[in-house]
Amino acid sequence: MMCHYCNKSHNPAVACPAYKIIQESRYVDLIRTRLRKIESWCNAYPLKVFPEPDLKKAREVLKEAGMTLDAISASNMRHVLKGIKDIVEGKV
Ligand SMILES: [Zn+2]
């Protein structure tokens, strides 16, 4: 079989260094694209737009309503980590 990546006689998917480099380059591009999505998400909640809340007060208010700040925080973290997982796995 003639390899169209290096013009030698071999199966490119098995033995071609040029093909391997191209495949690795494509993989790096894919990872770079996914990291840019995560980076973009990291910048989606600037402090100027979303100032840090008074967590002590939030804890008190939530407690009065029968909820905990820890439960809210855990829910938020699950959402973020699921989003990152979906980006890493290429689902979004
Ligand atoms: Zn080759």
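None of the figures in this text is laboratory data; all of them are computed from the coordinates on show. Owing to the predicted nature of the structure, the values given are computational and were not obtained by experimental measurement. Please note: Cβ atoms are built from the backbone with ideal geometry, for glycine as well, and neighbour counts cover all protein chains shown.
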Counting only residues that are exposed (fewer than 10 other Cβ atoms within 10 Å of the Cβ) and farther than 27 Å from Ile87 by Cβ, how many does the stretch 40-72 have?
5
Spot the failing condition for Glu24; the list is (1) within 16 Å of the ligand (Cβ to nearest atom); (2) surrounded by 11 or more Cβ atoms within 10 Å (Cβ to Cβ), and only one is missed.
(2)
Any residue in the stretch 10-21 that is within 10 Å of the ligand (Cβ to nearest atom), over 27 Å from Ile84 (Cα atoms), among the basic types (Lys, Arg) and in a helix (DSSP H, G or I)?
yes
In the set Lys91, Lys82, Lys48, the lone residue that is within 15 Å of the chain's Cα centre (by Cα), of a type outside the set (A, V, I, L, M, F, W, C) and part of a loop (DSSP other than H, G, I, E, B) is Lys91
The condition of being farther than 30 Å from Val14 by Cα and not hydrophobic (A, V, I, L, M, F, W, C) holds, among Arg34, Arg59, only for Arg59
